[in-house]
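Colleague: Could you have a look at this structure, given as structure tokens, before my questions?
No lab work stands behind these numbers, since they all come straight from the coordinates. Predicted, not measured: the structure shown is a model, and the values here were computed from it. Here the Cβ is made from the backbone with ideal geometry for all residues, glycine too, and neighbour counts use every protein chain on show.
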Amino acid sequence: MLRAVNQIAQISLLNLRNLPARAGSSLVAVIGIAGVVAILVAVLSIAAGFRETIASTGAADRAVVLRQGSTSEMVSFVGGDSARLIKNAPGVRFVDGTALASAELFVIVDLPKLPAGTPANVPLRGVEPAAFAIRKELKMVEGRPFRTGTRELIAGKSAALSFAGLEVGSTLRLAGNDWQVVGIFETGGTLTESELWCDARVLQPTYRRGNSFQAIYVQLESEAALAKYRWTLDNDPRLDVAVERESDYYAGQSQVLTDLITSLGLVIGIIMGAGAAFGALNTMYTAVSSRTREIATLRAVGFQRLPIVVSVMVEAVVLGLVGGAIGAAAAWWMFDGFRTSTMNWQSFSQVAFAFRVTPDLLVLAVAYALVLGLIGGILPAIKAARLPVATALREL
Amino acid sequence: MKYLPLIWKNIWRKKARAIFTLLSIVMAFALFGLLSAVRAAFSGGVELTGADRLVMVHKVSLIQPLPFSYMGRIRATPGVEAVAHATWFGGYYQKPENFFGQFPVDPENYLSMFPEILLPEDQKRAWLKDREGAVVGRRTAEQLGFKIGDRVPISGSPWRRKDGKEAWEFNVVGIYDGAEKGTDTTAFMFRYDYFDEARARGKGLVGWYTIRVDDPDRAAEIAQAIDANFQNSPAETKTSTEKAFAQGWANQIGNIGAIVEAISAAVFFIILLVAANTMAQSVRERVNEIAVLKTLGFGPFKVLGLVLGEAFFLALVGGVLGLMLAQVLVGGVGKVLERFLPIFYLPSEAVTTGLVIAALVGAIAGIVPGIQSMRLPIAAALRRG
């Protein structure tokens, strides 16, 4: 037993020390695997960044009320009378006698997307004053909040960076009226930072919404108060709405695009992985055949089959790991934090976000590279072990 | 021709290597085909738009509705041949995951505006007779199991019914196909007259207009003239060519598609380089065989031909098989992705481009060892072996 372990260690080390002599063909396998891993990580980091931006928007102690059956704010409708009932139902936190609840409108405006200046659907949210107390994470970083009753708006930091014309002091023309940009806010990188905010009461006539809203955001008394709140709304015959925990609502909003990108990434990763594995197989076959005489000699002086198999596998796995590490590092260096914006098909509106190469993705990358290396090594290793000693020694 | 058996034997000299090289080329081209389909899907069918069609939306944003009464004024604009309208309905069938585009339209106008929608004549007549009738694209019909004669409820639409019922119910009276393989066959269209009468609010409003002009070269000019009609009205408009509109939509999705494509393309070429390197290497290993051939009287160009032929064979066979695999994959992956990407097919230009790339790979892999073989000094090569 000990002898076997000893043999394995000896041959594997010998092998790895010889690796530089086969640098050319080994490099080919490493580059192939690195490329595949890099792209897998890069594509999945798009999905990870997008999901994180949207999911982090919601809090567990807040709730969103939409019309029954609506899948997003965009397609929801809540009348003014219903909104009043929803804002004052039991379960909502009250401060100084007023409910921490905000009835909101969610529309899109056409703004040029930077750098190309092509038109993009930028979300504009009309809010009530309580909205600021509900979103405690919102902080003004430039300028000031809009004044109630005026055509002023504030822009999220991501929106201000991604779309043209959102500097403090600039003017936007919406539906024949001029609107002043008076401030920039931050919410710690959440979806809200992609939005513009203004007074809901001023937005209603601009978009001809009468006294109607699309969503009600409320601060719950506690996380547990959701059940009570939902029971009240569900059992009020005057209402036709569905209440959802804000964190659940936002987790669902990223579903479509995240699923699309993830499935694309996996399909591409698997196909390319197969291509790279065949490349690795070639490399390892070449490695084995260039060492035919060496392996035969080892066998002739008493080394057993298993150590030979293991040594080839070790070489393949090392190549895989090196490729995986290079690929993962390259993807991390090039794509982590890369900022872009896309349209979230569920809300029809633009979401600015940054790619996120998460530790999970790096682990996945290296594991995948390892698997590719193993696949590349197994057949050549068996071939090496099966070499007939006498003929192999004669071979050139 | 008589050298084909020799090339064939050379290729299979090392069976495992030839097979793995071929397979890695196959995989690279399968990926290439798949990415071409993804690109076509992300560009939202920009290539398929009609050159003589314009799209008119509300100037503030395309979610704002336009008055139905604009129809007559648009048609009266010089250069306008026909007008059709549609509205985003935004519902789903049974559960939110089953989403697809639903639009109330005026059947006759709409079908004549979009000749790429192929609806059998009898089904069209049935639609004109049934106010609650709807026609659905083949893809959605197959996915959700809709058949002619079914009564299907659509829920979740922002458009409420004035009778207070949650779901809108329609009779499926027709299933349409697309004239081209890129035509979107996921839409569900029903009658605007029924929709307008039954909805609780927003009567007399439509989502957008599609306009056909008599002279595509004057499209931009006519678009301006149409918009001028509605300047300073409560609902100002923005008219652009259908192509520009589709392009704008693709731009909204942004550079995500481009990034996926760019990095995949990089890896495509890496895999091809790996394969080309292996092919070149297998020739280098046979230097003394080539020297023997030359001793036997094979001229330099015959030797070059043998080596190039081998490389071309592997690259082209790999390319063809890969593109065939891509065709299969696009079908299979399309099933998975169809709820996100309604248009998913392998564009025919991609096949042509793929074959050109395959030929280039063959040339690159074969040319260096080929020329080396041509110039090979026989005596030195024989001694080296």
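Colleague: Across peptide A:17-27, how many C-beta atoms of other chains are within 10 Å of each residue C-beta, on average?
Modeller: 1
Colleague: Of B:M71, A:L203, A:L379, which is farthest towards the positive pole of the protein assembly as shown's charge dipole, taken about the Cα centre with +1 and -1 on the beta-carbons of Lys, Arg and Asp, Glu respectively?
Modeller: Of the candidates, A:L379 comes out farthest on the positive side.
Colleague: Another question, if that's okay. Hey, got the average number of other protein chain Cβ atoms within 10 angstrom for residues in B:59-71?
Modeller: 4
Colleague: I'd like the orientation of helix B:15-42 relative to chain B: the angle between its Cα long axis and the longest Cα principal axis, in ° from 0 to 90, rounded to 10.
Modeller: Tilt of helix B:15-42: around 20 degrees.
Colleague: Of the trypsin sites (Lys or Arg not before Pro) in segment A:213-302, which ones lie in a loop per DSSP and count no more than 14 other C-beta atoms within 10 Å?
Modeller: When the trypsin sites (Lys or Arg not before Pro) of segment A:213-302 are filtered for loop state and at most 14 Cβ neighbours within 10 Å, A:R238 remain.
Colleague: Sticking with this structure for a sec: Helix B:300-337: angle to the longest alpha-carbon principal axis of chain B, degrees 0 to 90, nearest 10?
Modeller: 30 degrees
Colleague: Using label points projected 7 Å from each Cα along Cα→Cβ, tell me how many nm separate B:R284 and B:E180, to one decimal.
Modeller: My value for the distance between the label points is 4.7 nm.
Colleague: Can you put B:V356, A:V41, B:V287 in order, fewest other beta carbons within 10 Å first?
Modeller: Listing B:V356, A:V41, B:V287 from fewest to most nearby Cβ atoms yields B:V356, B:V287, A:V41.
Colleague: Which helices of chain A meet both criteria: a Cα extent of 18 Å or more along the helical axis and a mean Kyte-Doolittle score no lower than -0.5, with helices taken as whole DSSP H segments?
Modeller: A:2-18, A:23-55, A:255-290, A:305-335, A:359-386
Colleague: Per-residue mean of other chain beta-carbon atoms within 10 angstrom of the beta-carbon, peptide B:23-29?
Modeller: If you average over the peptide's residues, the count of other-chain Cβ atoms is 6.
Colleague: Please compute the Kirkwood hydrodynamic radius over segment A:77-173, one decimal place, Å, based on all pairs of different Cα atoms.
Modeller: Its Kirkwood hydrodynamic radius stands at 15.5 Å.
Colleague: With no solvent and one point on each alpha carbon, what is the Debye value of log10 I(q)/I(0) for segment A:232-315 at q = 0.11, 0.13, 0.21 Å⁻¹?
Modeller: Debye curve over Cα of segment A:232-315, log10 I(q)/I(0) at q = 0.11, 0.13, 0.21 Å⁻¹: -0.61, -0.70, -1.01.
Colleague: Can you give the longest run of chain B that contains no chymotrypsin sites (Phe, Trp or Tyr not before Pro) sitting in a DSSP loop with at most 14 other Cβ atoms inside 10 Å?
Modeller: In chain B, the maximal stretch lacking such sites is B:13-385.
Colleague: Related question: Neighbouring Cβ atoms within 10 Å as the yardstick, rank A:M140, B:M374 fewest first.
Modeller: A:M140, B:M374
Colleague: Run the reach check for B:K335 against lysines, Cα to Cα strictly under 16 Å, same-chain hits fewer than 8 apart removed. What comes back?
Modeller: Within reach: B:K181.
Colleague: How big, on average over all directions, is the shadow cast by the Cα convex hull of segment A:184-285, in nm²?
Modeller: 12.8 nm²
Colleague: A further question on this structure: So, in nm, how far is label B:A225 from label A:D248 when the simple model puts each one 7 Å beyond its Cα toward the Cβ?
Modeller: Placing both labels 7 Å beyond Cα along the Cβ direction yields 5.7 nm.
Colleague: Rounded to the nearest 500, what is the protein assembly as shown's calculated 222 nm mean residue ellipticity when only DSSP H runs of at least 4 contribute -39500 (n - 2.57) each, over all residues?
Modeller: The helix contribution divided over the protein assembly as shown gives -17000 deg cm²/dmol.
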